[in-house]
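Structure, as C-alpha cells:
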Amino acid sequence: MPGFDFSNYNRNAALHARGVPLPKATSTGTTIVGCIYDNGVVIAADTRATSGPIVADKNCEKLHYIAPKIWCAGAGTAADTEFTTALISSNVELHSLSTGRDPRVITCMTMLKQHLFRYQGHIGAYLVVAGVDPTGVGLYTVHAHGSTDKLPYVTMGSGSLAAMSVFESMWKPDLDKAGAVELCAEAIKAGIFNDLGSGSNVDVCVIENDKPTQLMRNYERPNERGQKERNYRFPRGTTAVLNQKIITKEDMKKYVTIETLSGDSNLAGDMDVDS
C-alpha cells in the first residue's frame, strides 16, 4: 500500500514562513465513548464537525458500520475516519467470506492497528471499535499511531476527559441495556457542554448478541434552537433616515448602457454588456 509523499515538505514550510496559510482539514473535534453491559456493548458520539474554529457540520455521522455486529466510532480528521473504516469494513467482509465465519471484533481491531501503525500517525483516525462475536463482547480503542486498549468503558476525542468523569463516577459492572445507553448519552453530553470541539446531538449504537444492531441517530438533542422571547421585527419607519441620495437613470447612463426591454423577459440574456 503506498505511503505519503513528503517531497514538498520544505517548500510548504517556506511558503508558510512567508505567511501563506496552511490548508485546514475538517476535524470531528469529538467526544466518542463505549461501554460494555451484560448482553452487549453501546457506543455513542456527538455530531459536530469543525474546521478550525468554524462548525463545518452540525449533524455529521461519527458511528461507522464495519460488519452487522461490529461498529466503530471515529474521532480525528473526518476524511481519515470515513475512509479508514470503509477500507477495513471491506477487508473484514473479504476475510469473513474467505474463512466462512462471522467476523471477530479482534480481527477488525488488528487490521486497524496494523494499517494505522504503517502510517506512523499521519492518518488522523482515533477509533472506538465495538462489537459482539462468537467469542463474546469486544470493546477496544485504536489510536492513530497504532496503539490499542481493551477496557469495559472507553472515551476518546477532545471531550474525552469530561466524558470519562461521568464513567468514573457512574459506571457499574452489572449495567443493563437501558443503563448503558443512558450512561453513554450522559457522557457524550458532558463532552458537548464542556468541550468546544464537541456539540449538537447524541448518536447511540446498541450491539447485542441476539438482536439486530440498533442505530439511534439523534437519540438526544440537547441543543435544540428555542423560540426567541421577543419579536425583533420593527415596523417600517422605525429607523430614522439621516441621509438620502437618489440616482436617476440619466445619471447612470454616464457610466453604463441602459436598454429597456419590452415583451419577452427571456431576451434579457441576449443583451450586449459593455466590457
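My understanding is that a pair violates if its Cα-Cα distance is over 31 Å; which of 24/172; 24/228; 69/113; 24/69; 172/228 do that in this structure? Pairs exceeding 31 Å: 24/172; 24/228; 24/69; 172/228. Taking the number of Cβ atoms within 10 Å of each Cβ as an exposure proxy, the fewest-first ranking of 196, 175 is 196, 175.
Its DSSP H runs of at least 4 residues, each contributing -39,500 (n - 2.57), put the calculated 222 nm mean residue ellipticity of the chain at -9000 deg cm²/dmol, to the nearest 500. With Cα atoms as the point set, the radius of gyration and Dmax of the chain evaluate to 26.9, 85 Å.
Here residue 253 is the anchor, and the lysines within straight C-alpha reach of less than 20 Å, apart from those fewer than 8 places off in the same chain, are 245. Please compute the contact order of the chain in relative form: average sequence separation of alpha-carbon pairs under 8 Å and at least six residues apart, divided by the residue count, as a percent. 21 percent. The protection proxy used here, the mean number of other Cβ atoms lying within 10 Å of each residue, ranks peptides 209-217, 86-94 as follows, highest first: 86-94, 209-217.
Inter-label distance, residue 217 to residue 25: 2.6 nm, where each label sits 7 Å from its Cα along the C-beta direction. In straight-distance terms, cross-link reach from residue 58 covers every one of the lysines whose alpha-carbon lies under 17 Å from its own, apart from those fewer than eight places away in the same chain; here that gives 189.
Quick note: the coordinates plus some simple rules give every number you see, no bench work behind them. Small disclaimer: the values here were computed from a predicted structure and weren't measured. Cβ: placed from backbone, ideal geometry, glycine included. Neighbour counts: every protein chain shown.
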